[in-house]
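The numbers here are math on the coordinates, done by the rules we state, and not lab data. From a predicted model like this one, the values you see are computed outputs, not experimental measurements. As a convention, Cβ positions derive from the backbone with ideal geometry for all residues, glycine included, and neighbour counts pool all protein chains shown.
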Amino acid sequence: MQQIPQEKQLAIIYSAKTVVILSLFFVCCGLIFLSAYFLGTASKSKAKIVELATSSNIAQSGAASAKLTDPGKTWTAPPEEEIPAGASAEAIRYGRELIANTGKYFGPKGKIAAISNGMNCQNCHLNAGTKLYANNYSIFFANYPKKGARSGKTDQVTDRISDCFQRSLNGQMPDRSSKEIQAMIAYFKWVGQGQKKGGKPEGTATEKIPYLNRAADPKKGLLVYRKQCQSCHGEDGAGQKAQDQLTYIYPPLWGENSYNDGAGMYRLSNFAGFVKNNMPYGIDHKSPVLLDEEAWDVAAYVNSRPRPHREQRKDYPDLSKKPIDAPYGPYPDPFPAVQHKYGPFRPIVAYSVQLRSKPGINQAQTRP
Ligand code: HEC
Ligand code: HEC
């Protein structure tokens, strides 16, 4: 074998080294580029999930926590002293009275008719529907008539009022042309004055608190209930009647006089959002007492207790518009009813996002 001169040997070693170093350099660059690309797409699709989760018809409760104080857009109800004089004033005041003391007029011993469970609209629409994050009436009148996801048709103002009489008050709607319903409408119109259709002033409905990574737990909720709720709403959840027996000082949370299972409060996200910013009674969204987790768990406990049932198979005829925490099937996905009721909700949101990106699928899931 011929001996390679030493210089040549060194040159070969050098160029081999350079080749190795250069290829290592390119491999690294490639890896950095690829990981940047994948991280980028991952965070983009994550952003999409968040965006879709907070959009109103997948879920009324989103993955992103709402910012609660935005002074620029905060709604304030017009002060009572500003109710205009004359006949309309009488109607507005009467409407307000009916909302604050509904049980007195329409409860089991109602002065006008015994057609509901004795609760007041105000029990859930606090301060006659003027409080932020407490199901206020700011935007209601301006937004109706409106296509309703639950009814599948165009709902009039009276249809929406009727919904709460039938579900939250587990009863019947008074005659739509009655003085009482017309007075309620006069009040809704007055309280929501200056609002534009399609608007969403800060503090409407309830806070969409972030989903937990687990199912809400009725057992943990019982502990919260004992500590924070029982003193007013009672160990048996039946609340406490006022002395005149017509309305409640502390309204019932379950049992025969409570809202039925077709009511908005029976959806966990609505209950948790309401309770976080309004209970124990006396607090508001600036001073919540419960942690998000406690609000979810106590919601699970209360909504696991018995209450009146409402047949609701005809609700949400377009299943793609059904909120993910609607506790009764059918659903446009394979998740069981128990998961739709208690969570975990994030996998359902992720599935819905996927479903929506395939055109035609939602259509196929719609019932005739
Ligand atoms: C047990 C609690 C509860 C009671 C009592 C109750 N509601 Fe409601 N109401 C709700 C909830 C929760 C919502 C929001 C529902 C949703 O988004 O699914 C709502 C929504 C409404 C809306 C629609 C608001 C909007 O901006 O679109 C109106 C109007 C309404 N209720 C009227 C009434 C009237 C009138 C009464 C009394 C006859 C009443 N409610 C009693 C819980 C209640
Ligand atoms: C200090 C007494 C008090 C405590 C403690 C309290 N609540 Fe209430 N709660 C009330 C009153 C009073 C109302 C009705 C408000 C009104 O009509 O203005 C109410 C209304 C409600 C409502 C809506 C009406 C209904 O009956 O469905 C829910 C839901 C509710 N409370 C849940 C809770 C939960 C959960 C807790 C514990 C975390 C709690 N409350 C703690 C006094 C209390």
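Using only the alpha carbons, work out the radius of gyration and Dmax of the range 70-205 in angstrom.
Reported Rg and Dmax, both Å: 14.6, 45.
Kirkwood Rh over Cα pairs of the range 114-194 into Stokes-Einstein at 37 °C, 0.692 mPa s: D in µm²/s?
Working: Rh = 13.2 Å.
For the chosen part, D equals 249 µm²/s.
For the range 311-365, what are Rg and Dmax over the alpha carbons, in angstrom?
For the range 311-365, the Cα radius of gyration and maximum Cα-Cα distance read 10.8, 32 Å.
Which of the peptides 152-163, 198-209 is most tightly packed, and how do the rest follow, judged by the mean count of other Cβ atoms within 10 Å per residue? Write down the numbers at each step before the final one.
Values: 152-163: 16.8, 198-209: 19.4.
Result, highest mean Cβ count within 10 Å first: 198-209, 152-163.
Can you tell me which of 311-317, 323-329, 76-82 comes out highest on packing, and rank the rest after it, using the mean Cβ neighbours within 10 Å?
Packing proxy ranking, top to bottom: 323-329, 311-317, 76-82.
Counting only other residues whose beta carbon sits under 12 Å from that of Asp236, what net charge do I get with K and R as +1, D and E as -1?
After counting each charged neighbour, the total is -1.
Taking the Cα centre of the range 311-365 as origin, work out the dipole magnitude from +1 charges on Lys and Arg Cβ and -1 charges on Asp and Glu Cβ, in debye rounded to 20.
120
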